[in-house]
Amino acid sequence: MFARFRRKYDLTDVILWLIGAGLLLAIVYGSFVTLSSGKYTAEQWLNFVIFGLAQGGIYGLIALGYTMVYGILGMINFAHGEFFMFGTFGAFFMADYLAGNGMLESNPFLSIVLMLLVAMLVSATIAVLTERIAYRPLRRAPRLVPLITAIGVSYFLQYTARGLFGSGVEAFPNVPALSGAVALGPISLQRSQIAVFISTAVLLAILWLMVSKTKVGRAIRSVAEDKDAAALMGVDVDRTIATSFAVGGIMAGAAGVMYGLVFRQVAFYMGFVPGIKAFTAAVLGGIGNLPGAVLGGLILGVIESVGPSLFLDGIGIPSPHQLKDGIAFTVLVLILIFRPSGILGERLSKRA
Amino acid sequence: MSIDRPFRLTDAVLYGLYGGIAALLIALVGMAEAFSKREIIADVISMAQVMLMGVAFVAALFAANKAQSSHRSITVASGIIAGAMVGLLLALLALAIEPLNMRAMFVNANRQLVALLLPFDQTPIIGGVILVGVGALMGLAAAAITYLPSLLRRSLLISLVGVVLIALLEDVLVVVLPKNIGRFVYESNGLTIAGAVVLFVLIFAITYLWLAQRDNVTRRFDRMPPKQRRIWSFAATITLLVVLFLLPQLIGPYLSEVSDLVGFYIIMALGLNVVVGFAGLLDLGYVAFFAIGAYTMAVLTTPELPIVRAVIPQLNFWQALPFAVLAALIAGVLLGVPVLKTRGDYLAIITLGFGEIIRLVVLSDALKPFLGGAQGVTGVARPTLGSSVTDSPQEFYYFILIGILIAWFITARLKNSRLGRAWMAIREDEDVAAAMSINLVGYKLLAFATGATLAGLSGAMFGSKLGSMVPASFNVLVSINVLAVLIVGGMGSLPGVIVGALVLIGLPELLREFNEFRWWVYGAVLVVMMLYKPEGLWPEATRVRELREDEEPNESIEDPTGLAKPSEA
Amino acid sequence: MDLLIAKNINKRFGGLQALTALDVFVAEKSIHSVIGPNGAGKTTFFNCITGFYKPEEGEVVFNGEEIQGMQPARVAQRGISRTYQNIRLFANVTVLENVLVGMHRHLHTGWFGAVARFPKNNQEEAAAREEGMRILKFVDLHRKADYIAKNLPYGEQRRLEIARALAGKPSVVLLDEPTAGMNPRETEDTTTLIRRLRDDLGITILLIEHDMRVVMNVSDQITVLDFGKKIAEGDALAIRSNPQVIEAYLGRGAATGSNYGHRQAAAVAGS
């Protein structure tokens, strides 16, 4: 019996499961303590969840780009968070301009559409250029090479933004139509959060239609399945990959606008942490899986927003909100160790 | 690789465009302006001008190289076109800054930049034309240089770069050089014209001779009987050690300070080299082990932190050092076990996650009584030797040197052993390595723990040298920094680590203007290295073959007859 | 005595049943071939033995010990080594180094030994190199010990892969199409080499091969797979005359319109 067990699992597995069980115990215990103490009201919890969902929607939009690129090239595009950052800057300058001539106030809907367009254009352009200049020549290189390149691109873009736009944090202009809250029964929703929900849903629907119904989508899926076979079938592989970078960039640009509206700030370093979190979301939902990316984003957003109060507080950790990012990274580590195929499973071919 | 098609002049335009974008970025991120006060040759040319002209030159070089196979006039024309394009884009920028009020978006798009781009106080149009002309001239020079014999071309380029470097390092070299030579070569800012010419000729002569004779020398060395060869290498090693021993006295306290910093990175990079270079595991959370070494040293030796002091007595440097290294080693094993089970690329991101978790935990109030929170810890012990305390950078240098020698010895021995081979196997093909009965997790763990230990050693000394510890010095940028050192030097190569650390850590410290753009340049350097020289500046023979896969994609390994069937399953 | 026993092996990939209730008994010091049309599950079977796949059902017994589901490294540790259908050498290091990696399980130098280089470590290393040269001599590659593996011609790469598999002194070697892509001369040399593995070194060989001449020539026992099922088993004579085998090859060839199947069927029936 024991011999059979030893044969199937080695010591490292046992240690892993012990760590996992320990964490689970801590979470359950912490949650129990917090909930039984009644420190937070039901409305507060609900607000945590809603805030988490709004944040998660943004992660989800960014995660779409990670998931598409990973699905097609099998590479982690570390620079994707920077595409998002540039998109936010694009939206910021557009918003600044519109605020200057009063459009932001008089015609908020058109303003937001314009901001979206600019942000998407900026992000998509940078994404496509990055692919063309840095990634395309390395498609046959050993796997470490494109990965390191992506890290290099990420820092290059980040510090380009710092040099171009300055190292400070800029305040995103206020869109009057989106400030304030709407009461929906017992819960109150920030208008900007509603905007995030609607935009995420619409964009995801468009993307879904594109990938599943159009010729471009078919090309993307076929390249993800097998590049060589797709090429033999007359699919222009280079162009398809560039398209998927563009689409990923567009989603990141949209996420940038949402981020600006909700968090009201821009800075050159803002792409890094959301980038990693979005990657976490992508893995959580099953990398290569489009709806999974958004689902993963929402789940991560909620965990991150509820977690500090729910279990860290309960375990007795002082100022738990400092560890909000820590929770996200812990989720990342756990999901990669215990279930790298994610919740919904991987859609695209598995890579070693 | 794309199919070769005949060269077209539009390709030259494209290269010019890429070069132009690079030049625009250099101007707009503020790098040009930062370097405009730095004269290379006093009152003749500034570093900013050298940089922008250099971009035009390189863009033209690419275009001309690509056009090599076509007619000579086309080569020259494409060089000129590419160079002129760079000038044109810069001229357009200079003209557009004020009318478009670009300052509103780009913080560096100001008057000074315009003045820098349009010298001689010309009217904008004429200034612009001059810019285009200079670009074209650079293009012409680049095209011309492609026709020189390779030996001549390489020595020319090396001596140009050399002169610029010597000019940039004025502050440092003036201190070291004898007074009269210094006065001949340097003005208060930049080289004298005569100095520049003499330096150029000198470097040119030396590089030319060396490049021409190098093969001869190495061949003679190879042909020596083994015994004689051993004597020679022994003599060389001894000389090197003597020089290293005397170095701090020769270069003074400031340069010793810089050497110390380079040294910390060399030890760290030698450690990461085992993880990334030998075993092929991309660890982006490497800074965590550096931090653990530093914090262990700090917590064990500081008089602060009453809670800790109540339990553990205050130790001195030597007592704390083994604990610091051990802590890093244990952390390496503990983190390694879960991390190393993950597949491929996920390892990079999971280590990144772990590194961030550790930083956040250290920063948090939760552990403040033990680790000092955001304020950190001060009063870390310095090494003592007998009764004297080491606190000058020159004295500290020797401790670091010993650390480097230990790290070098260990990694060099590991590399050429059964372990080194097992790591190579894992790096090249995990499945096959497993089929050779190599325990993947076990050997990865060994690599990980070795790397962590060396990082811990470096961290412990770093903490002691600094005397105080703040969590901000342990962010992910340090990991990227070490990785960049490896990449530039050459993954897996030990001498490469030294070269990489000197170039990436030493140079920026000596060029104060550069520091602000350090990360920007590192990012670009990583990309450019991966695209054009993935094996690094001082590569290891195996690695050249391995990383240059795209040129010769194992042609002979693939079934030439096409008879082998596609794999089942 | 049967050295390697596979009993009732079932392996599925999603909805695809790759192997169904497969029983294979490999006698010690024999050459046992596994043949079958493309996609019959031969390489899958190899992967189930070496631990790269875990069969859903059934057991693999080696030397009296159950090894199914074991980590590949542990299986190899017990003395099973293999070669690959598409050559998988360590392409960028020397020929000798490839063999030295193969000797991993018989060497003992650990971390401290590697750093300190005690006399016993140096002796071990020197002995390993000598042994490596001996193995290279066995496959006639000793003159190329310092070549970079990827620069060897195709046939020699195949031989080097066999040498690397031998370096671990295995009791069973799994050869996956060792003659694929070879010209008739090279094929003949390889056939001789396979026989020498059994006769000179006393190694048990499990062989996947498409070239029927080779199979009929060297095999002590042949197992025929089709769609993951065993359809026949026996010595060369029995297999050659087995109607089911001929049908499996001919039927497949006729259905896909390629004449590959015909040729093979002819080879099965005729040679």
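Since every read-out is calculated from the coordinates, none of them should be taken as a lab result. This structure is a prediction, so every number in the text was calculated from the model and none was measured. Cβ sites come from the backbone with ideal geometry, for glycine too, and all protein chains shown count toward neighbours.
Which listed residue (B:VAL86, B:LEU282, B:GLY355) has the Cα farthest towards the positive end of the charge dipole for chain B, taking +1 on Lys and Arg C-beta and -1 on Asp and Glu C-beta about the Cα centre?
The listed residue farthest towards the positive side: B:LEU282.
For the stretch C:57-105, what is the charge dipole size about the Cα centre, in debye to the nearest 20, if Lys and Arg each add +1 at the Cβ and Asp and Glu each add -1 at the Cβ?
Approximately 240 debye in magnitude.
Under the rule of -39500 (n - 2.57) per DSSP H run of 4 or more residues, summed and divided by the residues of the protein assembly as shown, what mean residue ellipticity at 222 nm is obtained, to the nearest 500 deg cm²/dmol? Numbers along the way, then the final one.
Values: 50 runs with 760 residues, N = 1192.
Dividing the helical sum by the residues of the protein assembly as shown leaves -21000 deg cm²/dmol.
Give me the net charge for the shell around B:TYR286: Cβ to Cβ below 14 angstrom, other residues only, Lys and Arg +1, Asp and Glu -1.
Overall, the nearby charge balance is -1.
Antiparallel DSSP bridges in chain C: what percent, to the nearest 5?
Roughly 55 percent of the beta bridges in chain C run antiparallel, per DSSP.
Given H placed 1.01 Å from N in the peptide plane, which residues other than close sequence neighbours of B:THR378 have an amide H under 5 Å from its amide H?
B:MET469
With +1 assigned to the C-beta of every Lys and Arg and -1 to the C-beta of every Asp and Glu, and no other charges, what is the dipole magnitude of the protein assembly as shown about the Cα centre in debye, to the nearest 20?
The calculation lands at about 1220 debye.
Can you tell me which of B:277-283, A:279-285 comes out highest on packing, and rank the rest after it, using the mean Cβ neighbours within 10 Å?
Details: B:277-283: 26.7, A:279-285: 31.9.
For the peptides B:277-283, A:279-285, the packing ranking is A:279-285, B:277-283.
Step through the residues of the stretch B:100-106 one at a time and calculate ³J(HN,Hα) from phi using the Karplus curve (6.51 cos²θ - 1.76 cosθ + 1.60, θ = phi - 60°), rounding each to whole Hz and writing x for Gly and Pro.
Along the stretch B:100-106, the couplings run 8, 6, 5, 3, 4, 9, 9 Hz.
Report, to the nearest 10°, how far helix B:476-489 tilts away from the longest principal axis of the Cα atoms in chain B, using its own Cα long axis and a range of 0 to 90°.
Approximately 60 degrees, to the nearest 10.
Place +1 on the Cβ of every Lys and Arg and -1 on the Cβ of every Asp and Glu in the protein assembly as shown, take the dipole about the Cα centre, and give the residue among B:PRO539, B:LEU335, A:ALA26 whose Cα lies farthest towards its positive end.
B:PRO539
Let me know the mean shielding of C:73-84 by other chains, meaning the per-residue number of their Cβ atoms within 10 Å of its Cβ.
Mean shielding count: 4.
Express as a percent, rounded to the nearest 5, the fraction of DSSP beta bridges in the protein assembly as shown (both residues included) that run antiparallel.
65 percent
Under 1.5 on a/c is rounded, so check that first for chain B, then, if it is not, pick prolate when a/b is larger than b/c and oblate when it is not; a ≥ b ≥ c are the square roots of the alpha carbon gyration tensor eigenvalues.
Prolate, because a/c is 1.5 or more and a/b exceeds b/c.
May I ask you to evaluate 6.51 cos²θ - 1.76 cosθ + 1.60, the Karplus curve with θ = phi - 60°, for each residue of the stretch A:104-112 and list the ³J(HN,Hα) values in order in whole Hz, giving x for glycine and proline?
Once θ is set to phi - 60°, the couplings for the stretch A:104-112 become 4, 8, 7, 9, x, 4, 4, 4, 5 Hz.
Out of residues 5 or more away from C:ILE231 or on other chains, whose amide H comes under 5 Å of its own, with H placed 1.01 Å from N in the peptide plane?
C:VAL224, C:LEU225, C:ASP226
Which residue, A:GLY166, A:GLY81, A:GLY90, tops the fluctuation ranking in a GNM of chain A built on C-alpha contacts under 10 Å?
Looking only at A:GLY166, A:GLY81, A:GLY90, the biggest GNM fluctuation is shown by A:GLY166.
Using alpha carbons only, how many angstrom separate the centre of the stretch B:72-127 from the centre of the stretch C:66-82?
67 Å
Decide, for the protein assembly as shown, between rounded, prolate and oblate: order the square roots of the alpha carbon gyration tensor eigenvalues as a ≥ b ≥ c, take rounded if a/c falls under 1.5, and otherwise choose prolate if a/b is larger than b/c, else oblate.
Rounded, because the longest to shortest axis ratio a/c is under 1.5.
Build a GNM of chain A with springs between Cα atoms under 10 Å: which of A:LEU298, A:LEU232, A:LEU290 gets the top mean-square fluctuation?
The residue that fluctuates most here is A:LEU232.
By average Cβ neighbour count within 10 Å, what is the ranking of A:195-205, A:172-182 from highest down? Walk me through the intermediate numbers first.
Details: A:195-205: 17.5, A:172-182: 15.8.
Final packing ranking: A:195-205, A:172-182.
Which whole number gives the average count of other chain Cβ atoms within 10 Å of the Cβ atoms across peptide B:360-368?
Counting Cβ atoms of other protein chains within 10 Å of each residue's Cβ and averaging gives 5.
Compute the long axis of helix B:518-532 from its Cα atoms, compare it with the longest principal axis of the Cα atoms of chain B, and write down the angle in degrees, 0 to 90, nearest 10.
Roughly 80 degrees, rounded to the nearest 10.
Could you work out how far the C-alpha centroid of the stretch C:1-54 sits from that of the stretch B:480-500, in angstrom?
After rounding, the separation between the Cα centres reads 46 Å.
Provide the per-residue ³J(HN,Hα) series for the stretch B:377-384, in order, calculated from phi with Karplus coefficients 6.51, -1.76, 1.60 and θ = phi - 60°, each as a whole number of Hz, with x at glycine and proline positions.
Once rounded to whole Hz, the list reads 10, 10, x, 6, 5, 8, x, 10.
Across peptide B:529-535, how many C-beta atoms of other chains are within 10 Å of each residue C-beta, on average?
5
Put +1 on the Cβ of each Lys and Arg and -1 on the Cβ of each Asp and Glu in chain C; which of C:VAL34, C:ILE87, C:TRP111 then has its Cα farthest toward the positive end of the dipole?
Sorting the options by dipole projection puts first C:TRP111.
Please work out the Cα center distance from the stretch B:438-457 to the stretch C:206-248, rounded to the nearest Å.
47 Å
Amide H neighbours of B:TRP538 under 5 Å, counting only residues 5+ apart in sequence or on other chains, H built in-plane at 1.01 Å?
Excluding prolines and chain starts, which carry no amide H, the hits are B:GLY490.
Highest first, please rank the peptides A:20-33, C:231-244, A:331-344, B:73-86 by the mean number of other Cβ atoms sitting within 10 Å of their residues.
Working: A:20-33: 13.7, C:231-244: 15.5, A:331-344: 19.4, B:73-86: 26.4.
With the highest mean Cβ count within 10 Å placed first, the list reads B:73-86, A:331-344, C:231-244, A:20-33.
Taking the Cα centre of the stretch C:1-142 as origin, sum charge times position over the Cβ atoms of Lys and Arg (+1) and Asp and Glu (-1), and report the length of that vector in debye to the nearest 20.
280 debye
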